[in-house]
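Each remark here refers to the structure printed beneath this line.
The values are calculated or read from the model by the stated rules, or taken from the named source; none is laboratory data. This one's a predicted model, so the numbers in the text were calculated from it and none came from an experiment. Cβ sites come from the backbone with ideal geometry, for glycine too, and all protein chains shown count toward neighbours.
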Amino acid sequence: ILKWNIYSPNVNLPNLFGEAKPNRGATHQLPPFEYPELARLELKYIAGVHIYNPILDLPSLRQSILHVVENGLDWSTKTCLVTMVCAIGAITGRYDDRAQSTPETLSSLSSSLDNATGGRESEVELAMRYWNVAAKRLGYAIGQDDLEAVQCLCLAG
């Protein structure tokens, strides 16, 4: 999945999941879990990944996002799936001309939201923050036999 051409060309893939030696100066802050940010990253995921690899049920994903927004983080596969989608959505880059087959609404929404981080941090750093939350829940997902667990593991690669 990480070799797909949808990801930003400036993403250094070998460093995406961390370094051999942890950076002691790095902060481990939680990523934002406000609805506008999760919806923005969901749209990037849909426009960049889902249209080519539709393994998620979008109404169920939206319900999972609302659940996380309303109830906060827990140790469920639902939280794992939402944070995995956000991590992937954050590092999904813009499409070139080959993506013109996407629906106009998703394409225009995604392109208008691509640079909405407002200078806070790069999308790669944001992806890492969501990945850190998701990775802590992958161990739980391995032991589950439900659809969300399988989706989490598929998105994790």
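Surrounded by fewer than 14 Cβ atoms within 10 Å (Cβ to Cβ) and either modelled with pLDDT of 60 or more or within 24 Å of Asp146 (Cβ to Cβ) (or both), is that true of Ile91? It is false that Ile91 is surrounded by fewer than 14 Cβ atoms within 10 Å (Cβ to Cβ) and either modelled with pLDDT of 60 or more or within 24 Å of Asp146 (Cβ to Cβ) (or both). Restrict the check to region 24-41 and report whether at least one residue is crowded, with 20+ Cβ neighbours inside 10 Å, farther than 18 Å from Ala134 by Cβ, of a type in the set (A, V, I, L, M, F, W, C) and at pLDDT 90 or above. No: zero hits. Scanning region 28-80 for residues that are assigned to a loop (DSSP other than H, G, I, E, B), more than 18 Å from Cys154 (Cβ to Cβ) and among the charged types (D, E, K, R) yields Glu34, Asp74. For Ile65, the criteria (1) in contact with a Leu (Cβ under 6 Å, 6 or more places away or on another chain); (2) at pLDDT below 95 hold in every case but one, which is (2).
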